[in-house]
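Take a look at the structure below.
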Amino acid sequence: MEAEGETQFIANDEAKMGHALSRWVELVYVDPEGKEVKTYRQTADLQLEN
């Protein structure tokens, strides 16, 4: 587990979308042989703060 806190922004944290993009949890999936399963980042379900 790694916690990056406020040091690793994905986007401009000043904009609502940037704020939402910069708050994330990233999971890494592996198959039974230990190979990483490819995943894709999505943004369709982001919840923007008012």
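A few points about this structure:
- Residue count for the range 19-34 under the criterion of being closer than 30 Å to F9 by Cβ and free of Cβ contacts under 8 Å to residues at least 24 places away in the same chain: the result is 9.
- Restricting the range 1-36 to residues that are surrounded by 10 or more Cβ atoms within 10 Å (Cβ to Cβ) and in a helix (DSSP H, G or I), the residue that is modelled with the highest pLDDT: K16
- Pairs with Cβ under 7 Å, 6+ apart, first in the range 37-50 and open to solvent by less than 70 Å² (accessible area, probe 1.4 Å), second modelled with pLDDT of 80 or more and among the acidic types (D, E): V37/D31
The values are calculated or read from the model by the stated rules, or taken from the named source; none is laboratory data. Quantities reported herein were computed from a predicted structural model and do not represent experimental measurements. Counting neighbours? That spans all protein chains shown, and the Cβs are built from the backbone with ideal geometry, glycine included. Note: areas computed on protein heavy atoms with side chains; ligands, DNA, RNA excluded. Shrake-Rupley method; radii C 1.70, N 1.55, O 1.52, S 1.80 Å.
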